[in-house]
Amino acid sequence: MEVKLWNDKREREMYENFAELYAIIKATEKLEKAYIRDLISPSEYETECQKLIVHFKTLSATLRDMVPSIERFAETYKMDCSAAVYRLVTSGVPATVEHRAAAMASTSSSASVVAECVQNFITSMDSLKLNMVAVDQVYPLLSDLSASLNKLSILPPDFEGKMKMKEWLLRLSKMGASDELTEQQARQLHFDLESSYNSFMAALPNAGN
């Protein structure tokens, strides 16, 4: 006898999203353990972890009303994934980024600012994926990102990310609050953010080690 888990399209979509969230948490837990046991290289770990974090943030944003607590979600489904919950919810950045940030703590730039920059990059890129393209939605995010980048003394004044964010903020300031980016503009902004993020990661001390 076939048992249906849902009664309509909305319920079906909800359960499919729950399954996707479950899979992301489980995959992150396995990835964390593989990294701790040195079964995967730091660069491979960072790439895969960053993908999972981005997917998690995008999905959790859409499920905010149905899943207000990821910890409770994990507990409800008896997932036992404390490492994944820490990485996805508490930290929000790969362990390799945390390690590089910690290495910078003795310099003029603090680890918290590095984490802040990474978080602002991810949030800005995620917002575009969620089709948040109105000027009054995009501008504050880019402004926060620009401010956090300017806090880091290791980044030169002509750093790619600083220059591109400055250009976008100038462009957005000439538009109305309710104006929206065109599909082409949104795609270009996402490309610039991704390019700037990669340059930012490469600029951190011990990048790639």
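List of remarks:
- Inside segment 106-126, residues that are more than 18 Å from T96 (Cα to Cα) and modelled with pLDDT of 90 or more make up a count of 4.
- Residues in segment 146-177 that are of a type in the set (S, T, Y), out of contact with any Asp or Glu (no Cβ under 7 Å at 6 or more places or on another chain) and either open to solvent by 80 Å² or more (accessible area, probe 1.4 Å) or assigned to a helix (DSSP H, G or I) (or both): S146, S173.
- On the stretch given as segment 1-32, residues that are over 15 Å from H55 (Cα atoms) and at pLDDT 95 or above total 2.
- Among the residues of segment 151-173, those that are without any contact (Cβ under 8 Å) to a residue 40 or more places away in the chain and charged (D, E, K, R) comprise D158, E160, K162, K164, K166, E167, R171.
- Hits in segment 124-145 - residues which are among the hydroxyl-bearing types (S, T, Y), within 13 Å of L189 (Cβ to Cβ) and open to solvent by 20 Å² or more (accessible area, probe 1.4 Å): Y139
- Looking across segment 39-63, just one residue is part of a loop (DSSP other than H, G, I, E, B) and either under 13 Å from V89 (Cα atoms) or touching a residue at least 24 places away in the same chain (Cβ under 8 Å) (or both), and that is L63.
The values are calculated or read from the model by the stated rules, or taken from the named source; none is laboratory data. Please read these numbers as outputs of a predicted model, since none were measured by experiment. In this analysis, Cβ positions are derived from the backbone assuming ideal geometry, glycine residues included, and neighbour counts consider all displayed protein chains. Heavy atoms of the whole protein, side chains included, go into the accessibility calculation; ligands, DNA and RNA do not. Shrake-Rupley method; radii C 1.70, N 1.55, O 1.52, S 1.80 Å.
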